[in-house]
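Student: Structure provided below as structure tokens; questions to follow.
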Amino acid sequence: QQEQAAVAVGAARSMLERVGSLSSAGNAEIAELLAGTAELGRIVGALQVGLAGLVEERSAAAAEASFCRWLGHRDAKEAVASAFGIRVRDARALLSMAAATMPTVSLTGGEIAVKYPRVGAALTEGGISLAQARAIVGTLEPAAPRADLEQLAWAEGALVDAATDPAGPLVPELLVTQARAYVAVLDPDGVLPNAERQRAMRSARMRELPDGMWELTMLCTPESAAVIKALLDAYTGPRVKVAFRDDDPDPADPGPADPDGVGPDAVDPDAGREVDANGQPSAEGIGVVDDRTPEQQRHDVLLGLVQAHAASGDAPVAGGEPPTLVITGTIDAYTAYLRDVPTPDRTLTIEHTGGLLPIESIGRYACDGIIRRAILDCNGHVLELGTTERRFNRAQRRALAARDKGCRVPGCRMPVAWTEAHHITPWAAGGPTDIDNGILVCSYHHHEIHAGRLRVEAAS
């Protein structure tokens, strides 16, 4: 094995030496080298996991026979970190991955079943990278103690299949998003307690640095982060001249605040206080105790400023409308919630980030927000407007967002907020402004389509 390792290292060094002379190489040769290097990286990652597990196993012996002590280190994670030249926390992650995916031996000599055998097999075969394995195991593991074992195994297998799909393997970020959806089914009771824990942890801190700069540290719940991220993305996303808006204002939209401060959106100085029959603040309401910590108060103030700015009409238009928090869920889950009927589907999805919320959150938004309902059939139909309207309206864009999830060009990961609606059959050529004739593409690819360098074909 030492000779094999030496040969492999020599071959890798030979490949590395060739990189500098590839400027004149053909695309096929570079593509082949990329594929080979990617496979080599996956194999090295699997080898690191296996060796880390071996170091842990041999370091569990008595002090005089401990392998990590023989190497001159205090414990296995320190020995692994030193050997691979990585941080201690990364070494700890390798050890955790080894424990979850590699066979181990009990104190009595019996072999302990592998917790995530599909991930372990895919790692060993070089089918998935270490980052993909971490995305799968790290997301499933918190729900594993309360999950049905058969369902957990199914979720693991589905994620491995997605990570090794020859047509388009999922990258770690997308694996995490898919795994979170599975976790919501594997452990539905964990969604609400986790949401309450996250809310209690929210905070915002500011401190002055030695050079006079100020540092703001903020910890957000998923929905709070989505509100802030939507506004930031509107400023930092691609700027385009074309914006898809409704010709007629939405009657459910309150519009910009009254500039004189006396309209329905004006701030009432007595808001939040109880009032008596004459409309005056009552003594009971004035002394209400605010039990928020200073960090939580700062968080809520900052979030309120962001929300107010997003709704003011002054924020940049992103994806055809001001930055908006959009939460989606199934009709069945909503109906079960209203009727207080138990159901395994108890989650809502934040469109902008993919974060999950408990179905109970709908009650708060029903009080404070504007609720718009879009019912989609299995083909994604919402409205059929024919050729009388050229621009896709807001309801249609919402339907396209629910269906397309972002730019539909293969390999492009631009989110919904950075996309525009495009007619597959041009409107000028008689193409209707319908969901079936619409597709979401990012600004760049939209330009490429109209320039004739990219073609959209209807699925057969």
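Student: Can you tell me which condition ALA179 does not meet? The list is (1) open to solvent by 70 Å² or more (accessible area, probe 1.4 Å); (2) modelled with pLDDT of 85 or more, and all the others hold.
Tutor: With respect to (1) open to solvent by 70 Å² or more (accessible area, probe 1.4 Å); (2) modelled with pLDDT of 85 or more, ALA179 is out only on (1).
Student: Moving on to the next point. Looking only at residues in region 427-441 that are free of Cβ contacts under 8 Å to residues at least 40 places away in the same chain and over 19 Å from LYS405 (Cα atoms), which one is most open to solvent (accessible area, probe 1.4 Å)? Lay out the reasoning, then the answer.
Tutor: Initially, region 427-441 is screened for residues free of Cβ contacts under 8 Å to residues at least 40 places away in the same chain, giving 428-429, 437, 439, 441.
After this cut, where a residue has to be over 19 Å from LYS405 (Cα atoms) as well, the list is 428-429.
Numbers: ALA428: 100, ALA429: 74 Å².
Selected residue: ALA428.
Student: Same structure, new question: Restricting to region 203-215, give me the number of residues that are open to solvent by less than 100 Å² (accessible area, probe 1.4 Å) and free of Cβ contacts under 8 Å to residues at least 40 places away in the same chain. I'd like the intermediate steps shown before the answer.
Tutor: Start the filter on region 203-215 by keeping residues that are open to solvent by less than 100 Å² (accessible area, probe 1.4 Å), which leaves 203-204, 209, 212, 215.
Still in the running and free of Cβ contacts under 8 Å to residues at least 40 places away in the same chain: 209, 212, 215.
Within region 203-215, residues that are open to solvent by less than 100 Å² (accessible area, probe 1.4 Å) and free of Cβ contacts under 8 Å to residues at least 40 places away in the same chain number 3.
Student: Restrict the check to region 232-241 and report whether at least one residue is open to solvent by less than 70 Å² (accessible area, probe 1.4 Å) and modelled with pLDDT of 80 or more.
Tutor: No.
Student: Here is a follow-up. Of everything in region 133-157, what is open to solvent by 20 Å² or more (accessible area, probe 1.4 Å) and closer than 24 Å to ARG42 by Cα? Give them in sequence order. Even if it seems obvious, please write down each step before you answer.
Tutor: Going through region 133-157, the residues open to solvent by 20 Å² or more (accessible area, probe 1.4 Å) turn out to be 134, 138-139, 141-142, 145-146, 148-151, 153-154.
Hits for region 133-157 are ARG134, GLY138, THR139, GLU141, ALA153, TRP154.
Student: Let me ask you something else. Can you pull out the residues in region 186-202 that are among the hydrophobic types (A, V, I, L, M, F, W, C), surrounded by 17 or more Cβ atoms within 10 Å (Cβ to Cβ) and more than 17 Å from the chain's Cα centre (by Cα)?
Tutor: Going residue by residue through region 186-202, those that are among the hydrophobic types (A, V, I, L, M, F, W, C) are 186, 191-192, 195, 200-201.
Now drop any that are not surrounded by 17 or more Cβ atoms within 10 Å (Cβ to Cβ), which leaves 186, 191, 195.
Matches in region 186-202: LEU186 only.
Student: Tell me the residue from GLY120, GLY168, GLY126 that is open to solvent by less than 10 Å² (accessible area, probe 1.4 Å) and not in a helix (DSSP H, G or I), please. Quick ask: steps written out before the conclusion?
Tutor: On the way: GLY120 fails: not in a helix (DSSP H, G or I); GLY168 fails: open to solvent by less than 10 Å² (accessible area, probe 1.4 Å).
Unique residue meeting the criteria: GLY126.
Student: Still on this model: In region 46-62, which residue that is surrounded by fewer than 22 Cβ atoms within 10 Å (Cβ to Cβ) and among the small types (Gly, Ala, Ser) is nearest to ALA121 (Cα to Cα)?
Tutor: GLY50
The values are calculated or read from the model by the stated rules, or taken from the named source; none is laboratory data. Being a predicted model, the structure only gives us computed values, none of them experimental. Please note: Cβ atoms are built from the backbone with ideal geometry, for glycine as well, and neighbour counts cover all protein chains shown. What goes into the accessible areas is simple: the full protein's heavy atoms, side chains included, and nothing from ligands, DNA or RNA. Shrake-Rupley method; radii C 1.70, N 1.55, O 1.52, S 1.80 Å.
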